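J.: This is the structure, below, for whatever I ask next.
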Amino acid sequence: MKTIAQQVLMILFFGLIVPVSHAQVTAAGEPASDKNAFEVSMFLGTREKINLMLAVRRPKKVTIRLKDAKNTVLYQEALSKTPASHWRKFDFEGMQTGVYYFEISNGQQVVVRQVEIGALPAVQAQRFITYAQ
């Protein structure tokens, strides 16, 4: 009975904490969408693929760049000025082991996300991908 009560309390606790953990503070009278012209989300896909989700809030040109550790631009795309949601899938299967950077910019706001491709020492050759904010 005690463990059931503890589980119920933990569920209630996480149910209250999780929604609050994503809250953002904004100035009074300033809408949240005016603060950021765009928002970026990334998640791992299948077989060394990374999905990039981009929500453009203001009508301004946004550029996506993929750079290597030497700051060489490997991919560049300029998105339309129309506010919209964009989704891109990047395949890292043929890429060398190392650090790569996604740079998303509109001239005023810049978001950089790091992606690391590494080889796992094992009987078979294996690789992993991580990204950080």
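The values are calculated or read from the model by the stated rules, or taken from the named source; none is laboratory data. Here the structure is a predicted model, which is why all the values come from computation and not from measurement. Heads up, the Cβs are rebuilt from the backbone with ideal geometry, glycines too, and the neighbour counts pull from every protein chain shown.
J.: Which residues, counting only those in the stretch 86-118, are at positive phi and in a loop (DSSP other than H, G, I, E, B)?
T.: Here is the first cut: in the stretch 86-118, the ones at positive phi are 98, 107.
Across the stretch 86-118, the qualifying residue is only Gly107.
J.: I would also like to ask the following. Could you list all residues from the stretch 32-78 that are touching an Asp or Glu at 6+ places or on another chain (Cβ under 8 Å) and at positive phi?
T.: Arg47, Glu48
J.: Does Leu54 qualify as being in contact (Cβ under 8 Å) with a residue 24 or more places away in the chain and under 18 Å from Phe38 (Cβ atoms)?
T.: Here the answer is yes, as Leu54 does meet what is asked.
J.: Phe14 is checked against (1) at pLDDT 90 or above; (2) within 30 Å of Phe128 (Cβ to Cβ) and fails just one. What number does that condition carry?
T.: Condition (1) is where Phe14 drops out.
J.: Restricting attention to the stretch 75-85, does a residue exist that is surrounded by 16 or more Cβ atoms within 10 Å (Cβ to Cβ) and assigned to a loop (DSSP other than H, G, I, E, B)? Reasoning before the result, please.
T.: Step one: list which residues in the stretch 75-85 are surrounded by 16 or more Cβ atoms within 10 Å (Cβ to Cβ), which gives 79.
After this cut, where a residue has to be assigned to a loop (DSSP other than H, G, I, E, B) as well, the list is 79.
So far as the stretch 75-85 goes, yes, one or more of its residues are surrounded by 16 or more Cβ atoms within 10 Å (Cβ to Cβ) and assigned to a loop (DSSP other than H, G, I, E, B).
J.: Then there is this: Which one of Arg65, Arg58 is over 25 Å from Arg127 (Cα atoms) and surrounded by 12 or more Cβ atoms within 10 Å (Cβ to Cβ)?
T.: Details: Arg65 fails: over 25 Å from Arg127 (Cα atoms).
Step by step, each of Arg65, Arg58 is checked, and only Arg58 is over 25 Å from Arg127 (Cα atoms) and surrounded by 12 or more Cβ atoms within 10 Å (Cβ to Cβ).
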